[in-house]
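Working notes, beginning with the structure itself.
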Amino acid sequence: MLITFRSKAGAEVLMLSEHAGPLLRAAGKSFPEQVPERGVFTPEQLQAAIDGIEKAIAQAPAVKEEDDDDDKPPVHPVSKPVGLQQRAFPLLDLMKKSLAKGATLSWEAASPW
């Protein structure tokens, strides 16, 4: 499922639910298995959510970079692994902008079309 994060403070952020789930849990939202189809962070909840995601990033294992072996063909950027810091950056940026403007940040399942 594709999740759309929205706030009046910035552009929409799209993320697959399998990637959004761990970030939402780190931000303090609890849910049994699947990401709920809708949810919200109030301006009062945003600082704790930001702190939780930043803590998860600090504790996440680093993404192993490929060796700089000149004999191997270069790896295409699409094939490189994505770490939690890279995956979380757009959402974290939107959260910080929302906090600065006192705006609510919501998410919902994106329309299939």
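The values are calculated or read from the model by the stated rules, or taken from the named source; none is laboratory data. All figures in this text were calculated on a predicted structure; none of them were measured in a lab. Don't worry about glycine lacking a Cβ; one is built from the backbone with ideal geometry, like all the others, and counts go over all protein chains shown.
Tabulated values for the structure
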read-out	value
Flag for ALA11 being exposed (fewer than 13 other Cβ atoms within 10 Å of the Cβ), farther than 26 Å from ALA100 by Cβ and touching a residue at least 12 places away in the same chain (Cβ under 8 Å)	no
Odd one out for LEU2, checked against (1) touching a residue at least 60 places away in the same chain (Cβ under 8 Å); (2) surrounded by 18 or more Cβ atoms within 10 Å (Cβ to Cβ)	(2)
Entirely in region 1-66, the strands (runs of 3 or more DSSP E) that have 3 or more residues that are of a type in the set (A, V, I, L, M, F, W, C) and within 29 Å of SER79 (Cα to Cα)	2-7, 10-16
From GLU18, GLU37, residue being surrounded by fewer than 18 Cβ atoms within 10 Å (Cβ to Cβ) and either farther than 19 Å from ILE57 by Cβ or among the polar types (S, T, N, Q) (or both)	GLU37
Restricting region 1-48 to residues that are closer than 14 Å to SER106 by Cβ, over 14 Å from the mean Cα position of the chain (by Cα) and of a type in the set (D, E, K, R), the residue that is modelled with the lowest pLDDT	GLU37
Selection within region 73-111 - β-branched (Val, Ile, Thr) and not in a helix (DSSP H, G or I)	VAL75, VAL82, THR104
